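Comments concern the structure below.
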């Protein structure tokens, strides 16, 4: 298992390295750099442009820029933002905290809604309740998350005259305000993920019900509740935990539009505005974090799975 | 008036509001900073301003974005101020003199100006700041504006002299607040100083930076040492950055923001029924225009450009783009028309005149039709409806208009590399015709000539206009230039959109400046319960 | 789609029709799926049959009208009929999604097939490349790619194709690896059948249904990403109607003219759920076969 983990880590490292190179090249291929944006329609003679390019190191060949950046990163320094002048690590970290809070709360909401839905559907497989839940699932999977967000905004405002506050405050500053701001984003993201959960749990329950030992237990006349808790729930717990990780990865990747829609200063919005502002160090640092988090979560899920599942432990 | 009403508002537990508001005793006699005297103005209180555009950074020397200028004018100040009337008035300078030959300006400085943090401003700081901004090596977008300055000398602690290489009637207007501002001598010696401007302001303005949280908010606090005691009345101003126009309307209605300048003036119609809000319109120096790049092949023939100008119905375009909240213009932004504009009925190629336009198209050999691509910018809400309307207007003269929406960064890049093609533009300047026209329309290398116009006669007029100091003669020169511009059509100025300010009724004495910058906040105050 | 027909549907012509009917009666969800997808296909092919109004005709005076008998879905900010825009947008949106997924299915599928069947270094290289693409959130990747390429239909299709290529690659690769180990491949090889023939005749045939199912699973996701990119203003160019673009345009009128955002969204939901249902039915048939 140690060897396997090492191999996974190595592969993840190579992927991260390649991803960083891809990002580096891609963002530099986007036409128009930060210098053009700073000068705008004000003109600025070639000397001015030259001076600014030099200031940002944009006058060096791309491979030199990359190696310099990589060297910094390997020493734990993500560089400095070109617009804000602050260390990228801090900016990105702050934004990630917002996204992570959103992600974790969404996960809780999604679990709380999705798991019971899936259990109910699975136990009633093929019957009316199952069909209704399946219908909800399909609609949930079909609706774009940002559109649900739009509908919630319209609905909240039209029906109860409520709209979320716009100035973000962290849970430490003002928890109540923080939760009000996050409410609609959590609901819009949570619905999709709840539905994904429900699907997954339903499937697990259905296949658990088909297992021989469960059938035997039922045939033996064990009380339903006991069969449920002893055999079915236990059986789906392991895949459920690992599925949670996958959902978290998905949420973190899927918040871009939601954060923009609800003015949340999270990682997705940061990446979007930094791409627009051509603040390349922030784009590079932010994406490196996203990639790193996704890769390490995947490894973690893998390890967890092996640890939890006795068959995999050998 | 000597009554002193102490209206302390305790309670509510709002942090930072302990002092409450006090009426300004006898404020009537003192001239407020930029707007009308803050009569009966109340000190204290907080104001929340909503905005959709957010400054990428707060460095007034290197960052050219309009969203930056809007807010930094409250923190940084130049020697002069761009008065709404279209003339430059003294700000950090107390007075100025011009030598007989028109080449030497002498500025006497305000003696009580103090930098944020407490150090008094002296002539050495002024020299340093303007020397820094005008040196192209330092990378300021404003450097070109100051090109006619040859030397700046300190005469004494409170007197500065600027010597020019040639007369420049626009100089005073360039010494205003768009780029740069006066900062402590040697400020940029430290490499990290530029970046620090996002955490700490170092200007002389009525407000100083408290906190800038990109993608979220910007908070300014009152500068306690501000040199004009009757200005800068609010304790705190917070700009909140909202994601879109719809959420702005919600925020205004619900009182989550106290004031906003609408990014889409026509949205005012959606707020008319809100009793707690006041909606006011202010004229502007901005212009929404169609730019025509002469190096873009289909636009090279003069007839095609003239035909387009004649086919355009500016009134309908404005209606589609911003509703009725603006002014159709000829060759001068609405706020400057009175002072500098050529009478619109004297300008050639003002449509719509489809018959003549068709004739011109046929003459150019495009009787059978012509395909054109119009570039618009993502995030500029007025451009989408205007683009589809323009496409309809150009159809009858045989032009098939494709629309190409691009990211702002891409657009600026094309614009600056003089490959703009056929595009919408949205820009403004300080209220001086030379600052408005010179860089955009003078041929290279003196001007940037973004549209590849390369026009001899036009450039000559621009040179003459810049050197002429007599206002009446100067005006005549620019009228001639505008006629040339309208005849040659490197640009079609469509309309200026009004600044529509929506504010809660407790906001008092706010006047929006025609540049769109928040000068007015220096004199605004809020009624406190 | 005939490749996916299950074994029990084969037989004589009359028998087949009868079997198909019986099959459909047994699967009501498949009927629903076919109705929805059929309706959307019809809309995409013959938008003019559903509305007389033009999706692009501007009428500033009649802007922002609520739904009425004349304008079922109301009008937008320049007075265009939202129903006409949604109806005409069906073709645009669906063909962008279908086209880009088809490109990634062909390219990703082929690459995966080759990588999985032959293994070794081409597999290593391709797998790393795919890992790199997969490590980015799809929308950010779309934003960056459209940033590099510029906006417009072609570039949008390219961006979506790149985003979804890895998933087809993985499916095809896994399928090819599984097939390569089967005895019939060994047998064919020992009979001297050339490798490429084995690949095309046997492996591809068995991997194809997997790709088809994957296509249907990804379709709703790609549709949502397309709409999201459109919502961010990075989609197709105006005045071409597109569901995501209509939503983008609607965001300024969210509360004032909610019809502009409700209806295009409902069509997205309709299209996506139709394909999800169809995908499930097909999946069941494939599983059963």
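The values are calculated or read from the model by the stated rules, or taken from the named source; none is laboratory data. Bear in mind the structure is a predicted one, so any value in this text is a computation, not a measurement. Positions of Cβ are generated from backbone atoms using ideal geometry, with glycine treated the same way; all protein chains shown enter the neighbour counts.
The residues on offer are A:187, A:183, A:152, and the sole one that is away from chain C (no Cβ under 13 Å), closer than 24 Å to residue C:228 by Cα and free of Cβ contacts under 8 Å to residues at least 40 places away in the same chain is A:183.
Just one residue in the set C:96, C:133, C:103 is part of a helix (DSSP H, G or I), modelled with pLDDT under 95 and farther than 16 Å from residue C:203 by Cα; that residue is C:133.
Listed residues B:372, B:354; which is touching a residue at least 40 places away in the same chain (Cβ under 8 Å), surrounded by fewer than 21 Cβ atoms within 10 Å (Cβ to Cβ) and either in contact with a strand residue (DSSP E or B) (Cβ under 8 Å, 6 or more places away or on another chain) or within 14 Å of chain C (Cβ to nearest Cβ) (or both)?
After ruling out the rest, the residue left standing is B:372.
The single condition from (1) touching a strand residue (DSSP E or B) at 6+ places or on another chain (Cβ under 9 Å); (2) buried (at least 22 other Cβ atoms within 10 Å of the Cβ); (3) assigned by TED's automatic domain parsing to the domain that holds residue B:421; (4) not in a helix (DSSP H, G or I) that residue B:448 fails is (1). Return the residues of the range B:456-471 that are assigned to a helix (DSSP H, G or I) and closer than 14 Å to residue B:87 by Cα; say none if nothing qualifies. Result: B:471, single match. Name every residue in the range B:487-529 that is assigned to a loop (DSSP other than H, G, I, E, B) and either closer than 23 Å to residue B:273 by Cβ or touching a helix residue (DSSP H, G or I) at 6+ places or on another chain (Cβ under 6 Å) (or both), in order of residue number. If the condition is that a residue be assigned to a loop (DSSP other than H, G, I, E, B) and either closer than 23 Å to residue B:273 by Cβ or touching a helix residue (DSSP H, G or I) at 6+ places or on another chain (Cβ under 6 Å) (or both), then B:489, B:498, B:505, B:506, B:510, B:511, B:512, B:513, B:514, B:517, B:527 are the ones that fit. Just one of the listed residues (A:218, A:251, A:247, A:258) is within 23 Å of the chain's Cα centre (by Cα) and more than 13 Å from chain C (Cβ to nearest Cβ), namely A:247.
To keep it simple, each residue is scored yes or no on (1) without any contact (Cβ under 8 Å) to a residue 40 or more places away in the chain; (2) more than 7 Å from every other protein chain (Cβ to nearest Cβ); (3) not in a helix (DSSP H, G or I).
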{"site": "B:246", "(1), (2), (3)": "yes, no, no"}
{"site": "B:257", "(1), (2), (3)": "no, yes, yes"}
{"site": "B:269", "(1), (2), (3)": "no, yes, no"}
{"site": "B:275", "(1), (2), (3)": "yes, yes, yes"}
{"site": "B:281", "(1), (2), (3)": "no, yes, yes"}
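The single condition among (1) within 14 Å of chain A (Cβ to nearest Cβ); (2) closer than 30 Å to residue C:231 by Cβ; (3) not in a loop (DSSP other than H, G, I, E, B) that residue C:124 does not satisfy is (2). Residues of the range A:57-91 that are without any contact (Cβ under 8 Å) to a residue 60 or more places away in the chain and assigned to a helix (DSSP H, G or I): A:62, A:63, A:64, A:65, A:66, A:67, A:68, A:70, A:71, A:72, A:74, A:90. Residues in the range B:375-414 that are within 29 Å of residue A:46 (Cα to Cα) and free of Cβ contacts under 8 Å to residues at least 24 places away in the same chain: 4 in all.
Yes or no: the range A:273-282 includes at least one residue that is over 23 Å from residue C:163 (Cβ atoms), out of contact with any helix residue (DSSP H, G or I) (no Cβ under 6 Å at 6 or more places or on another chain), free of Cβ contacts under 8 Å to residues at least 24 places away in the same chain and part of a helix (DSSP H, G or I). Looking for residues that are over 23 Å from residue C:163 (Cβ atoms), out of contact with any helix residue (DSSP H, G or I) (no Cβ under 6 Å at 6 or more places or on another chain), free of Cβ contacts under 8 Å to residues at least 24 places away in the same chain and part of a helix (DSSP H, G or I), one finds none in the range A:273-282, hence no. Against the conditions (1) modelled with pLDDT of 90 or more; (2) within 31 Å of the chain's Cα centre (by Cα); (3) surrounded by fewer than 18 Cβ atoms within 10 Å (Cβ to Cβ), residue B:379 satisfies every one except (1).
The residues listed here are A:295, A:300; of these, the one that is in contact with a helix residue (DSSP H, G or I) (Cβ under 6 Å, 6 or more places away or on another chain), at pLDDT below 90 and more than 9 Å from chain B (Cβ to nearest Cβ) is A:295.
For the range A:31-49, give me the residue count where each residue is at the interface with chain B (Cβ under 7 Å from one of its Cβ atoms) and either under 35 Å from the mean Cα position of the chain (by Cα) or in a helix (DSSP H, G or I) (or both).
Of the residues in that region, 11 qualify.
Looking across the range B:211-233, the residues that are out of contact with any helix residue (DSSP H, G or I) (no Cβ under 9 Å at 6 or more places or on another chain), surrounded by fewer than 23 Cβ atoms within 10 Å (Cβ to Cβ), within 14 Å of another protein chain (Cβ to nearest Cβ) and not in a loop (DSSP other than H, G, I, E, B) come down to B:211, B:217, B:219. Scanning the range B:177-197 for residues that are over 23 Å from residue B:211 (Cβ atoms) and under 25 Å from the mean Cα position of the chain (by Cα) yields B:178, B:179, B:180, B:182. Does residue B:303 satisfy being away from chain C (no Cβ under 14 Å) and free of Cβ contacts under 8 Å to residues at least 60 places away in the same chain? In short, no. For the range A:156-205, the set of residues classified as surrounded by 17 or more Cβ atoms within 10 Å (Cβ to Cβ) and more than 21 Å from the chain's Cα centre (by Cα) consists of A:156, A:157, A:163, A:164, A:165, A:166, A:167, A:202, A:204, A:205, listed by residue number. If you go through the range B:382-422 and keep only what is surrounded by fewer than 23 Cβ atoms within 10 Å (Cβ to Cβ), closer than 25 Å to residue B:54 by Cα and away from chain A (no Cβ under 14 Å), you end up with nothing. Summed over the range A:50-90, residues that are within 19 Å of residue B:67 (Cα to Cα) and more than 7 Å from chain B (Cβ to nearest Cβ) total 2.
What are the residues in the range B:48-63 that are facing chain A (nearest Cβ under 9 Å) and part of a strand (DSSP E or B), if any? Of everything in the range B:48-63, those that are facing chain A (nearest Cβ under 9 Å) and part of a strand (DSSP E or B) turn out to be B:48, B:50. Quick check on this structure: which one of A:195, A:214 is in contact (Cβ under 8 Å) with a residue 24 or more places away in the chain, assigned to a helix (DSSP H, G or I) and under 26 Å from residue A:114 (Cα atoms)? The match here is A:195.
On the stretch given as the range C:239-258, residues that are within 14 Å of chain B (Cβ to nearest Cβ) and either assigned to a helix (DSSP H, G or I) or over 24 Å from residue C:58 (Cβ atoms) (or both) total 10.
Residue B:320: touching a residue at least 60 places away in the same chain (Cβ under 8 Å) and either over 18 Å from the mean Cα position of the chain (by Cα) or more than 20 Å from residue B:428 (Cβ to Cβ) (or both), yes or no? So residue B:320 fits the description; yes.
When B:447, B:428 are checked against the criterion of being within 11 Å of another protein chain (Cβ to nearest Cβ) and free of Cβ contacts under 8 Å to residues at least 40 places away in the same chain, a single residue qualifies: B:447.
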